[in-house]
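Everything on this sheet refers to the single structure shown next.
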Amino acid sequence: MVSVPVYTAAEAARCPLQDHRHVGNNWFRCEECGADTARNPVSFRAFTRLEGVHLSHCPGACDRHRAAVRRTGPWQRRRDSGQKLNPYHLPMSLMLSIALWNLVTRLGEAQILLPAALLTASWFVWRDRSPRLAVVWMGGIAAATLVTTASKIAFMGYGLGWAALDFTGVSGHSMFAAAIYPLTGVAIASAVAGMQAPRWWRLGLAIGMLLALLVGLSRVAVEAHSWSEVVAGLLVGGAVPWWAARAERAPPARHSLWLPVVVCVWLGSALPNAPPSPTHGWVTQLALAISGRDQPYTRADLLAPRAAPTDGAH
């Protein structure tokens, strides 16, 4: 029988590969042999970006597990991580849907969005010869980042969540998307149009809000966040452009093509080529350092019935 690699919560937390950062968030137990595993125990993210595909077999030695291994064939071994391409021979339409959502979700990564925000802020400064709007916007993004990070530290370090809403912290992807895309859309649309006609900056605003909403939906689709976490991220992030707009109500008006060209080139090149975002790992390590715990709290800890303290607690 082919051995299927399984990672415990402790092993996942120690794993140096960011590809395993979601392992342990969604545990289930085989009713036949009682073995515990995770929905994505072997990390599709590293090679196929198919995070969210459910593996229905268990890691134990029960007949159900052996049958599942026979049906799906051998596992490949890469970088000491078990991985399988399309383990259940999923239809191509579903494979494309999963790949699309994983591509969309990258539009919310800080490593991709923050450079785009800095480019847009520099355009605001160049347009007005004044840093006011840019400073207020950047300050709002920094404040929203602090709120989001604090919510994650509160949960991973201290277990402070809301089980009834399946809430473990503000969605960072949703927050960054809602904070950055609307004003970036306004700037790009107005730069291309070269006029103050409301229809242009309103169009850019609508496109930016739509992108933020799609990023939020993708976080649920890839099972990285619950609905409550995505809504919280959209609200926290959405407050940033609203606050920044109060600093200057007049829409951008200077005609210039360098902003849309540079931003689009950056997004188009970074989206498929950027490495996996390391921010979750950084926040996890920060939460452990502040709380003094050995292991972070997971969603399973939040949703499980209250019992003995989680291993690693002090």
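Worth a mention:
Every residue, every condition in (1) touching an Asp or Glu at 6+ places or on another chain (Cβ under 8 Å); (2) crowded, with 17+ Cβ neighbours inside 10 Å; (3) among the acidic types (Asp, Glu), yes or no:
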position: VAL261; (1), (2), (3): no, no, no
position: SER277; (1), (2), (3): yes, yes, no
position: TRP282; (1), (2), (3): no, no, no
position: GLN285; (1), (2), (3): no, no, no
position: ALA289; (1), (2), (3): no, no, no
position: GLY292; (1), (2), (3): no, no, no
position: GLN295; (1), (2), (3): yes, yes, no
position: THR298; (1), (2), (3): no, yes, no
position: LEU302; (1), (2), (3): yes, yes, no
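- Unique residue being over 17 Å from PRO241 (Cα atoms) and assigned to a helix (DSSP H, G or I) when the list is TRP201, TRP137, TRP126: TRP126
- Look at the range 197-213: where a residue is more than 18 Å from VAL231 (Cα to Cα), no partner that is of a type in the set (D, E, K, R) sits 6+ places away or on another chain with Cβ atoms under 9 Å.
Values quoted throughout were computed directly from the atomic coordinates according to the rules given, and no laboratory measurement underlies them. Here the structure is a predicted model, which means the values were calculated and not measured. Every residue, glycine as well, gets a Cβ built from its backbone with ideal geometry; the counts of neighbours run over all protein chains shown.
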